[in-house]
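The numbers here are math on the coordinates, done by the rules we state, and not lab data. Source: prediction; values computed, not measured. In this analysis, Cβ positions are derived from the backbone assuming ideal geometry, glycine residues included, and neighbour counts consider all displayed protein chains.
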Amino acid sequence: MSELNLILLGPPGAGKGTQADRLTDDFGLPYIGTGDLLRKHQEEGTELGVEAAKYMDKGDLVPDELVVRMILDEIDDRGRDGFLLDGYPRSVDQADALGDALEENGRSLTAALLLDVDDETVIQRLSGRRQCVKSGHLYHVLFDPPKHDGVCDQDGSRLIQRDDDRPETVKKRLKTYHDVTEPLIDYYEERGLLRRFDGTRDAGEVNDHIRATLAMLRLEERL
Ligand SMILES: [Zn+2]
């Protein structure tokens with residue numbers, strides 16, 4: 001079987017998490033989220049985790065080299081047939097670092113999957129999210145409202161808006177995305193790796209489209 005080495009791109013609120021869940025189920029690919037990876041290394045107190053903590057404790061960013069080493073370890077460990085990488089790269093420098101490291105290991109990316117969503121939709125999706133304070137149950141004031149305003153259906157606890165989802169914060173996150181991450185779209189397009197999906201569509205439709213694209217990629221590789 002050919003490898004499917006994938007990265008997920010898209011603004012916050014594009015539905016990357018949902019699509020990642022489905023793709024890992026559909027294709028049996030390990031999901032590698034860099035946030036989770038950092039936490040795991042810290043909790044287990046690995047050499048890389050201890051090294052990363054030195055930066056995080058000072059409020060500094062963890063150097064790309066360290067993150068890439070964590071990713072490659074994980075790929076070695078679980079990603080023999082492919083992987084789905086989320087949260088990295090977030091800049092062109094990081095993309096270069098990842099590309100080089102993969103190449104040194106005799107591998108390369110199969111595709112960069114972009115979930116395309118306009119800013120207005122992102123703001124509507126994120127700023128409408130509500131979470132219950134007790135168990136973290138999620139709602140959306142427009143798309144998935146609770147039966148009673150501000151109260152969790154499942155445990156009756158209060159619903160709040162997470163700081164990350166406040167409109168001012170969402171706008172800041174979007175600005176960072178446009179400034180730093182969006183150049184990756186051209187980067188992967190130039191390398192013939194970009195595959196674009198309309199992330200404003202229903203999650204099931206997006207998933208169908210991605211699956212069809214991946215099936216095609218595999219087919220092309222075999223020919
Ligand atoms: Zn709840």
- Given Lys16/Lys175; Lys16/Lys172; Lys40/Lys134; Lys147/Lys172, the pairs whose alpha carbons are separated by over 27 Å: Lys147/Lys172
- Message: Between Ala53 and Asp26, what is 0.36 nm times their sequence separation minus the Cα-Cα distance? Round to one decimal in nm.
- Response: 6.3 nm
- Task: Could you give the size of the charge dipole of the chain about its Cα centre, using +1 on the Cβ of each K and R and -1 on the Cβ of each D and E, expressed in debye and rounded to the nearest 20?
- Result: 800
- Message: What value in Å³ per residue do you get for the convex hull of the alpha-carbon atoms in the chain?
- Response: 143
- Task: Indicate the helices, whole DSSP H runs only, in the chain that combine a mean Kyte-Doolittle hydropathy of -1.0 or more with a Cα extent along their long axis of 24 angstrom or more.
- Result: 203-222
- Task: Set Lys and Arg Cβ to +1 and Asp and Glu Cβ to -1, take the dipole of the chain about its Cα centre, and tell me which of Leu217, Leu114, Val170 lies farthest positive.
- Result: Val170
- Task: Quote the charge dipole size of segment 62-118 about the Cα centre in Debye, to the nearest 20; the model charges only the Cβ of Lys and Arg (+1) and of Asp and Glu (-1).
- Result: 160
- GNM, the chain, Cα, under 10 Å: largest mean-square fluctuation among His209, His140, His148? His148
- Query: So which trypsin sites (Lys or Arg not before Pro) in segment 1-74 end up in coil per DSSP with only 14 or fewer other C-beta atoms within 10 Å?
  - Reply: Lys58
- Query: Given the Cα-Cα distance of Ser135 and Glu182 and 0.36 nm per residue of separation, how much length would full extension add, in nm?
  - Reply: 13.5 nm
- Task: Could you work out which residue, out of Pro63, Pro167, Pro89, moves most in a Gaussian network model of the chain, that is, has the largest mean-square fluctuation with Cα springs under 10 Å?
- Result: Pro63
- Message: Ignoring everything except DSSP H segments at least 4 long, calculate the 222 nm mean residue ellipticity for the chain; use -39,500 (n - 2.57) per segment, divide by total residues, nearest 500.
- Response: -15000 deg cm²/dmol
- Are there chymotrypsin sites (Phe, Trp or Tyr not before Pro) in segment 155-223 that DSSP marks as loop and that have at most 10 other Cβ atoms within 10 Å, and which are they? none
- Query: Tally Lys/Arg at +1 and Asp/Glu at -1 over every other residue whose Cβ is under 11 Å from the Cβ of Gly199; what's the total?
  - Reply: -1
